[in-house]
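Each remark here refers to the structure printed beneath this line.
The values are calculated or read from the model by the stated rules, or taken from the named source; none is laboratory data. Note that the structure is a prediction, hence the values are computed from the model and not measured. When we count neighbours, we look across all protein chains shown, and the Cβ atoms used for this are built from the backbone with ideal geometry, even at glycine. Protein only, heavy atoms only, side chains kept; ligands, DNA and RNA dropped before computing areas. Shrake-Rupley method; radii C 1.70, N 1.55, O 1.52, S 1.80 Å.
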Amino acid sequence: MDRGAEKSGHSPSPSPKVEMRGIVKRFPGVLANDNVDFTIYEGEVHALLGENGAGKTTLMNILYGIYTPDSGTIRVRGVPVKLRSPRDAIKLGIGMVHQDFRLIEAHTVVENVFLNHRELGFVPNWRSLESRLEELASNYGWKLNPRARVGGLSPGEKQQVELLKLLVRGADILLLDEPTSVLTPIETRMLFKTMRRMVEDGKSVVLITHKLSEALSVSDRITVMRRGRVVLTRPTSEVTIEELSIAMVGTQIEGVVSRARGEQGEKEPILKISNLSVMGDSGVLAVRDVNLTVYRGEILCIAGVSGNGQVELVEAITGLRKPLRGKIILNGLDIAGASPRRLFELGLSYIPPEGKKWGIVPELSIYENVALRVIRRQPYSRLGMIKWESIIKTAQRVVTEFRVDASSVKARAGSLSGGNVQRLILGRELTTSNPLLLVAAYPTKGLDIAATEQVKRILLGLRDEKVGILMVSEDLDEVLELSDRIAVMYGGRIVGVIKRSEASAEVLGSMMSRGVPVSAAA
Amino acid sequence: MQRRSTLNSLGLQVSFERRAEIGTRFSISVTLGMLILAFLVSGLIFQLLGFSAPQIYRSFFTTLTSAIMLEEVFRRSTPIILAAIGLCYSYRMGFWNIGAEGQLYLGMIAATGVVILQKAGIGLGEELLLPAVAAASMLAGGVWSLIPALLRIKFGANEIITTLMLNYTAILLADYLIHGPWKDPAGYGFAQTVAFPASSKFMIPGVSEAITYLMIVGVITALTYLVFRFTVFGFESRVLGLNIFASRYAGVPTASTLLRGVFISGALAGLAGLIVVSGLIGRMRPGASPGYGYHAIIASMLGGLYPPAVFMSSILFGMLLTGGDLLQAGIQMPKSGVEIIMALIFLATIVAEFVKRYRIRVLRLGRGVVA
Ligand SMILES: Nc1ncnc2c1ncn2[C@@H]1O[C@H](COP(=O)(O)OP(=O)(O)OP(=O)(O)O)[C@@H](O)[C@H]1O
Ligand SMILES: [Mg+2]
């Protein structure tokens, strides 16, 4: 991965901007932060690494005033502080972008950015706020329309809105929790360029990520956490990728999954889409006349810059959105417009994007969340009566097999770390069904390295068992590693379907960003 | 994440921050604390209005000290419990039904209709009168409540507004019938319908009226608890109320779940209406319900939509109504006095919910928060 801009490379100034010492945070049944020391210097990008549930988000939430530590001290610019709320943190110039976006989708960019802002006043002067916003955005090379509705923005743009929210409040210590997990390589590169710009201006950035290559390319220093403790803090120039992975998991991470496959029988289509058009939320066609076939025992990846109709296409296939016209044939049956429940019964499993929004009910316990999709089936219920014992048993299996890090299956799903939510969703979907077709949107989002490898292994295993897999991903490395064929979407159309052997990051990149079709070789 | 409002003129600033976690014990203490506060504040108001607060508190307690009083408390709690337990079904699904009062009136109307038919000789016979009035009142309340549910499903109409409007419609319809076609010809000119015969009342031999009711509502409360704990329908309604996206993904049949839950709400309110006309007052009159359907809203919220707690809070409302009657007779406190307390309890419930979710801090301006 190339570096967004040259690192300044200057040695850290002697007085740290933020000094966290001996931070302890305990949740019922877990020690999330165990005597953590963490410092942030002026003008540095500090990468924070660690497995799912290591305590990264908790540490940053403490610095942002969302949680109060059980013990430990925090100094900001040398002054000891007590942060009781994000408000206190913002006053001190600390800003955070969360793993899941916290924007109001129905509002415009400018409304979101200035919501609850001092300068909003009683009768806001939108003109001047808009021009301020445009100026700030252009400063970083962003092309954001202040009047656009946030709901219609791509993840990369939503990220920019979150950053602008912090910047207009004068934040100079930016905490970014897995900002790249939803970005395409191009968007990631742009974000890194922005980050380098910011640290050149004397700001400091904390970057949480699961991709070691990202940490190595953009950061000045790296801290690794494991099970609530800091196990390593070092300048980036002095660590290797091996050292980092050993620090994170305690052992070397196993090499890349072998994608070797069994014999390739005759091609048998499991999903056949013809002339499918789907309306988007804003009332324009999001999917235009798509034709696509998925065969048994193959992984077909849909690649594309987000916002080019992938989500709408997947929602139409999985019954969450009514198609405007066209046919969707699953295993010989036209399923266009069928309900998600019926599709699940017909053998279509689905891993949704934005797990916290679509995949779980945070207020319910883990085992109740496991029940979500299968509650109407035996042995989970009979004649409308729930059998909680058998659900709890399955939940325990999901939690063990997919290593969901939770104090018990009775814990609230909302208390899980980001990666563990994703594990729960994956585990539920794959443990409770025998799919013919698996539709997986960003299946490895937020997962640490080991879990990502595990999911890849599972996907390849299902493929070998003759399951058809339709996967949406923006991570080109992953796409190239897993797929048999790749369909590129641009402007709501499939602009080309290519075999993996004929694909490369360059070819895909150009198709994704310009929609230049390449003659399909099916 | 946080909101703020400024009281700059006082040099104070109040800020609200969302709490990350809400414990059960904390939640219960906040509700009880706010409830006590509501009683203290209402005492203060009465004192200022020239009544004796201790005397008022005492009379509420008297309702618990004699068997006769206690029976009255239970009788008056019954319609509130039924309607409030019914509302749990709506509210758990995120359907903000404030139409229990109207559904209750529909129950009264339907039951009265059946009795009038019976007296006119068109009916199923004396033995079947009770099942007939029960079925009619529940059906009427249920169907009445389906109107706003369908309007929401079909047109996205806000149920708070539609249910409220239908309350007025139902009450006006009842008034029209009482003053018009259903006026009892033998009623000496009073605006009221014919009396309900004994055979239309719930009665368990050897047990008093209050205890009979208590047993009925006890069973309904327990069943509701079990529905939410152990049935697919109860589980799916909770999911529907908590996360509409996840419920679509999970394949919860949104429309049919909503319709079923709202029908049950309306049916239980309708049954409450039957108990009012057949038992509590014996016939339909203008203003037959002193607002049981509204009391039920407060009771179900105060009980946190948890059936046993809703049962208890409804009994509290029964106490207030009974105590209010005593005060009216004893110290000429107007009927609206009790309504002040109820309104304060409602406010307290809302404040309690807020306190549970947000931490409230008052800061002095200029001092900052940096310790
Ligand atoms: N509000 C909470 N209540 C209870 N437990 C919590 C809460 N928040 C976090 N935890 C627990 O604390 C631990 C650390 O969680 P944290 O979110 O900090 O992990 P993380 O390093 O950010 O992981 P990920 O990479 O998956 O996002 C986990 O075991 C998690 O379940
Ligand atoms: Mg996290």
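Based on what the data block shows, is residue A:182 open to solvent by 10 Å² or more (accessible area, probe 1.4 Å) and within 16 Å of ligand 2 (Cβ to nearest atom)? Taking the combined requirement at face value, the residue satisfies it.
Within region A:46-69, being away from ligand 2 (no atom under 11 Å from the Cβ) and either of a type in the set (Phe, Trp, Tyr) or part of a loop (DSSP other than H, G, I, E, B) (or both) holds for A:64, A:65, A:66, A:67, A:68, A:69.
You will find that of A:381, A:339, A:407, A:390, the residue that is within 16 Å of ligand 1 (Cβ to nearest atom) and outside the structural domain of residue A:57 (by TED's automatic domain parsing) is A:407 and no other. Of all residues in region B:278-300, those that are without any contact (Cβ under 8 Å) to a residue 60 or more places away in the chain and open to solvent by 30 Å² or more (accessible area, probe 1.4 Å) total 3. For residue A:360, the criteria (1) facing another protein chain (nearest Cβ under 8 Å); (2) at pLDDT below 90 hold in every case but one, which is (2). Within region A:119-138, being exposed (fewer than 14 other Cβ atoms within 10 Å of the Cβ) and at pLDDT below 80 holds for A:119, A:121, A:122, A:123, A:125.
Of all residues in region A:333-351, count the ones that are open to solvent by 10 Å² or more (accessible area, probe 1.4 Å), more than 9 Å from chain B (Cβ to nearest Cβ) and touching a helix residue (DSSP H, G or I) at 6+ places or on another chain (Cβ under 8 Å). So the answer is 1. Checking each residue in region A:128-161 for being in a loop (DSSP other than H, G, I, E, B), within 17 Å of residue A:103 (Cβ to Cβ) and over 18 Å from the mean Cα position of the chain (by Cα) picks out A:142, A:144, A:145, A:146, A:147, A:148. Of the candidates B:193, B:163, the single residue that is buried (at least 18 other Cβ atoms within 10 Å of the Cβ), under 19 Å from residue B:117 (Cα atoms) and not hydrophobic (A, V, I, L, M, F, W, C) is B:193.
Checked against (1) part of a strand (DSSP E or B); (2) within 16 Å of ligand 1 (Cβ to nearest atom); (3) more than 10 Å from chain B (Cβ to nearest Cβ), residue A:95 passes all but condition (2).
Within region A:317-332, which residues are more than 14 Å from chain B (Cβ to nearest Cβ) and of a type in the set (Gly, Ala, Ser)?
Matches in region A:317-332: A:326, A:332.
If you check A:500, A:428, A:485, A:493 for being open to solvent by 10 Å² or more (accessible area, probe 1.4 Å) and over 21 Å from residue A:267 (Cβ atoms), only one passes: A:493. When residue A:471 is tested against (1) open to solvent by 30 Å² or more (accessible area, probe 1.4 Å); (2) in contact with a Pro (Cβ under 7 Å, 6 or more places away or on another chain); (3) not acidic (Asp, Glu), exactly one condition is not met: (1). The residues in region A:62-92 that are open to solvent by 10 Å² or more (accessible area, probe 1.4 Å), within 16 Å of ligand 1 (Cβ to nearest atom) and more than 8 Å from chain B (Cβ to nearest Cβ) can be counted, and the count is 5.
Could you tell me which residue of region B:59-74 is nearest to residue B:212 (Cα to Cα), considering only residues that are hydroxyl-bearing (Ser, Thr, Tyr) and without any contact (Cβ under 8 Å) to a residue 60 or more places away in the chain? Out of the qualifying residues, it is B:66. Taken as a whole, region A:175-195 holds no residue that is among the charged types (D, E, K, R) and more than 30 Å from residue A:504 (Cα to Cα). Sub-8 Å Cβ pairs linking a first residue in region A:371-389 that is open to solvent by 20 Å² or more (accessible area, probe 1.4 Å) to a second residue that is hydroxyl-bearing (Ser, Thr, Tyr), at least 6 apart or interchain, are A:379/A:390; A:380/A:390; A:380/A:394; A:384/B:231; A:385/B:231; A:387/A:380; A:387/A:381, ordered by first then second residue. I need the full set of residues from region A:391-411 which are within 16 Å of ligand 2 (Cβ to nearest atom) and either touching a strand residue (DSSP E or B) at 6+ places or on another chain (Cβ under 6 Å) or open to solvent by 90 Å² or more (accessible area, probe 1.4 Å) (or both), in order please. Within region A:391-411, A:403 is the sole residue that qualifies. Of all residues being open to solvent by 10 Å² or more (accessible area, probe 1.4 Å) and among the aromatic types (Phe, Trp, Tyr) in region B:229-252, which is farthest from residue A:387 (Cα to Cα)? Just the residue, please. Restricting to residues being open to solvent by 10 Å² or more (accessible area, probe 1.4 Å) and among the aromatic types (Phe, Trp, Tyr), the top hit is B:245. Going by what's in this entry, would residue A:357 be described as open to solvent by 20 Å² or more (accessible area, probe 1.4 Å) and outside the structural domain of residue A:270 (by TED's automatic domain parsing)? Yes, satisfied. Annotation: of all residues in region B:197-217 being assigned to a loop (DSSP other than H, G, I, E, B) and among the small types (Gly, Ala, Ser), the one that is farthest from residue B:72 (Cα to Cα) is B:206. If you go through region A:361-399 and keep only what is assigned to a helix (DSSP H, G or I), over 31 Å from the mean Cα position of the chain (by Cα) and not hydroxyl-bearing (Ser, Thr, Tyr), you end up with A:388, A:389. Once region A:419-436 is narrowed to residues that are within 16 Å of ligand 1 (Cβ to nearest atom) and of a type in the set (Gly, Ala, Ser), the residue that is farthest from the other protein chains (Cβ to nearest Cβ) is A:419.
Residues of region B:167-190 being assigned to a loop (DSSP other than H, G, I, E, B) and open to solvent by less than 70 Å² (accessible area, probe 1.4 Å), which ones?
Step one: list which residues in region B:167-190 are assigned to a loop (DSSP other than H, G, I, E, B), which gives B:180-190.
Residues satisfying the conditions are B:180, B:182, B:184, B:187, B:189.
Report, by residue number, each residue of region A:213-231 that is open to solvent by less than 20 Å² (accessible area, probe 1.4 Å) and of a type outside the set (Gly, Ala, Ser).
Result: A:214, A:218, A:222, A:223, A:224, A:225.
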